[in-house]
Amino acid sequence: MKSLIIILMTSVLVNNYVLSKFLGICPFLGVSKKLNQAAGMGVAVIFVMLLATAVTWPIYTYILAKNGLDYMRTIVFILVIASLVQLVEIILKKYMPALHASLGIYLPLITTNCAVLGVTLNNINDSYNFIESMVNSLGCGLGFLLAMVLFAGVRSRLETANPPEAFKGLPITLVSAAIVALSFFGFSGVVDGLFA
Amino acid sequence: MNPILLAVIVVCSIGILCAVVLVIAARFFSVEENEKIGAIRECLPGANCGACGYAGCDGYAKALAEEEGIKTNLCIPGGDGAARQISEILGVEFEDVVEQVAVVHCYGDCNHTSHKMDYDGIQSCQAAKMFYGGAGKCSFGCIGLGDCVGVCPNNAICIENGIAHIDTRKCIGCGLCAKTCPQKLITVMADVESVLVTCNNREKGAVARQKCSNACIGCKMCVKNCPSGAISVEDNLARVDYEKCTNCGECAKHCPVGCILVSDFSGIHRYSEDDEGQKF
C-alpha cells in the first residue's frame with residue numbers, strides 16, 4: 001500500500017510528465033488558455049491514460065513478452081492506443097452524448113499525445129505490475145491535470161501583463177512555462193521524506 | 001519460427017483485430033444524426049454570437065431540428081434570409097425577423113465631459129473601471145478604451161472623441177458588446193424604436209451636471225410632456241418603456257440638457273459631424 005502511495009505521489013509531483021519529463025507539451029501550450037478547457041483536457045487525459053494502461057499492459061505481458069517481441073512495443077502501443085481512443089469516441093457518442101460534447105474535441109488530440117504513449121512505455125520500463133501500472137497512470141494523469149490547471153492560471157495573468165514587444169505571445173508563454181517547471185523541481189526528494 | 005515473420009504476424013494480427021473491433025463498433029454504435037441539423041446549420045451565418053439564446057449556431061440548429069415549436073426567426077445576424085430558408089426546411093410558416101441594433105447609453109464625449117485623472121494602466125475598460133471607476137469624471141459613462149470594439153464580430157463599433165459609437169448599418173444586433181461593457185451602457189433594442197436616453201448617470205441632478213453637460217439631471221420634463229406615459233425617472237435617470245413609446249419625440253424636444261435622442265436607428269449613422277441637426 002505504501003509503495004502505491006509513493007508511486008502516486010512521485011508521478012504527480014516529482015516526475016510530473018509535463019513539467020519534469022516534458023512530455024505532452026503540445027496540449028500544455030495549446031489548450032491552456034482557458035481554465036475550463038484546460039481542466040477538460042486534463043480529465044480526458046486521465047481517462048485515456050488509465051484505459052490505455054489497462055489494455056497495453058496485458059498485451060505486452062501476455063503477447064509481446066511471451067513471444068520475445070518486446071522491442072515491438074512502441075509500434076504496437078501506438079496502434080492499440082489510437083484504435084482504443086477511436087472506439088471510446090464512438091461509444092461515448094452513442095451512450096453519453098453530454099460527455100462526448102465536452103470531451104469529444106480533446107479525444108482526437110489525445111490519440112497522438114506522447115504523454116499517453118510515454119506512460120504506457122514507462123510502466124513497462126519500470127517493470128511495474130498491473131496494479132502499480134494503473135496507479136502510476138492515474139498519478140501521471142493527475143499530474144498532467146495539475147500542470148494544465150496551474151498553467152491556465154499563469155496564462156490568465158499573462159493576458160493582462162504588458163511584456164516587452166519581443167516577448168509578446170509564445171516567447172513569454174515558454175518563459176513562464178519554464179519557471180513553472182522550475183518550481184516543480186523543488187519537489188524532487190520530497191516524496192521519500194514524506195513516508196520515511 | 002523466424003523472429004521477423006513472427007513479429008509481422010503478431011503486429012498484423014493485433015492491427016487487424018483492432019480494425020475489426022472498430023468496424024463492428026461503428027456498425028453497432030452508430031448514431032443516426034438528423035439530416036435537418038446539417039441543412040439548417042448551412043443556413044445560419046456561423047458567427048456563434050449566441051443572440052438566439054442557444055450555445056452557438058450548432059446548438060440553435062439542433063434545437064430547431066429536434067424540438068417542436070421553436071421560432072425560426074431567432075437568428076438576428078442571419079436576418080430574414082436565414083429565417084426564410086430554415087422555415088422552408090422545417091415546413092413551417094415564415095415570420096419576419098425583428099431587426100435589432102445595439103445602442104450606447106452615453107454621450108459624454110470630449111465636448112461634454114472631461115477626465116479626473118490621466119489613466120496610463122492596462123488599456124481595457126474592465127481594468128480601468130477597477131481603478132477608481134475609470135478616468136472619466138462620470139463613473140457611469142463610457143470609458144472609451146474599446147472593450148466592445150474588440151468583441152464586435154462585424155467591426156461595427158469605433159471609439160470617436162472618447163466614447164463608443166455603433167454604426168447601425170453594420171450592427172447585426174448580436175449583443176456581444178452589451179455583455180462585454182463593464183459599465184452596462186450598451187443595450188440591444190428593436191430598430192423600429194427611435195427614442196434613446198443617452199445617459200447612464202444615476203447621481204443627483206446637480207452632481208451629474210457638474211460632471212457632464214449631457215447628463216440626465218432627473219428633472220422629469222420628459223415625464224410631464226410624454227403623451228403616452230412611456231417615460232419614468234428612476235434613480236435620477238430617465239427610462240423609456242418601449243412597450244408604450246410611440247416615437248413621437250416630445251421628450252427630446254423638452255429635455256433641457258438634450259440627453260434624449262430621437263433618430264431612426266435602422267441604417268443611419270447617428271453621429272454625424274453636424275450632430276446638432278440630429279438632435280431635436
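Tell me, yes or no, whether the stretch A:171-179 has at least one residue that is within 14 Å of chain B (Cβ to nearest Cβ) and among the hydrophobic types (A, V, I, L, M, F, W, C). No, the stretch A:171-179 contains no residue that is within 14 Å of chain B (Cβ to nearest Cβ) and among the hydrophobic types (A, V, I, L, M, F, W, C).
Of the residues making up the stretch B:87-125, just one is within 14 Å of chain A (Cβ to nearest Cβ), touching a Ser or Thr at 6+ places or on another chain (Cβ under 9 Å), of a type outside the set (S, T, N, Q) and without any contact (Cβ under 8 Å) to a residue 40 or more places away in the chain, namely B:Ile122. From the list B:Lys116, B:Lys137, B:Lys129, the one residue that fits, being surrounded by 14 or more Cβ atoms within 10 Å (Cβ to Cβ), under 22 Å from the mean Cα position of the chain (by Cα) and of a type in the set (Lys, Arg), is B:Lys129.
To keep it simple, each residue is scored yes or no on (1) within 30 Å of A:Val88 (Cα to Cα); (2) among the hydroxyl-bearing types (Ser, Thr, Tyr); (3) within 14 Å of chain B (Cβ to nearest Cβ); (4) in contact with a Leu (Cβ under 8 Å, 6 or more places away or on another chain).
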site: A:Leu109; (1), (2), (3), (4): yes, no, no, no
site: A:Asn122; (1), (2), (3), (4): yes, no, no, no
site: A:Glu159; (1), (2), (3), (4): no, no, yes, no
site: A:Phe185; (1), (2), (3), (4): no, no, no, no
site: A:Val190; (1), (2), (3), (4): no, no, no, yes
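Considering the stretch A:50-73, and only residues there that are modelled with pLDDT of 90 or more and polar (S, T, N, Q), the residue that is surrounded by the fewest Cβ atoms within 10 Å (Cβ to Cβ) turns out to be A:Thr61. How many residues, within the stretch B:20-49, are at the interface with another protein chain (Cβ under 7 Å from one of its Cβ atoms) and either in contact with an Asp or Glu (Cβ under 9 Å, 6 or more places away or on another chain) or part of a helix (DSSP H, G or I) (or both)? Here the count works out to 4. Say whether the condition of being part of a helix (DSSP H, G or I), more than 16 Å from the chain's Cα centre (by Cα), among the aliphatic types (A, V, I, L, M) and more than 17 Å from A:Lys21 (Cβ to Cβ) is met by at least one residue in the stretch A:128-137. There is at least one residue in the stretch A:128-137 that is part of a helix (DSSP H, G or I), more than 16 Å from the chain's Cα centre (by Cα), among the aliphatic types (A, V, I, L, M) and more than 17 Å from A:Lys21 (Cβ to Cβ).
If you filter the stretch A:1-44 down to residues that are in a loop (DSSP other than H, G, I, E, B) and of a type in the set (Gly, Ala, Ser), you find that the one that is surrounded by the fewest Cβ atoms within 10 Å (Cβ to Cβ) is A:Ser20.
The values are calculated or read from the model by the stated rules, or taken from the named source; none is laboratory data. A quick note: this is a predicted structure, and the numbers were derived from the prediction, not measured. Ideal geometry is used to build each Cβ from the backbone, glycine not excepted, and the neighbour counts take in all protein chains shown.
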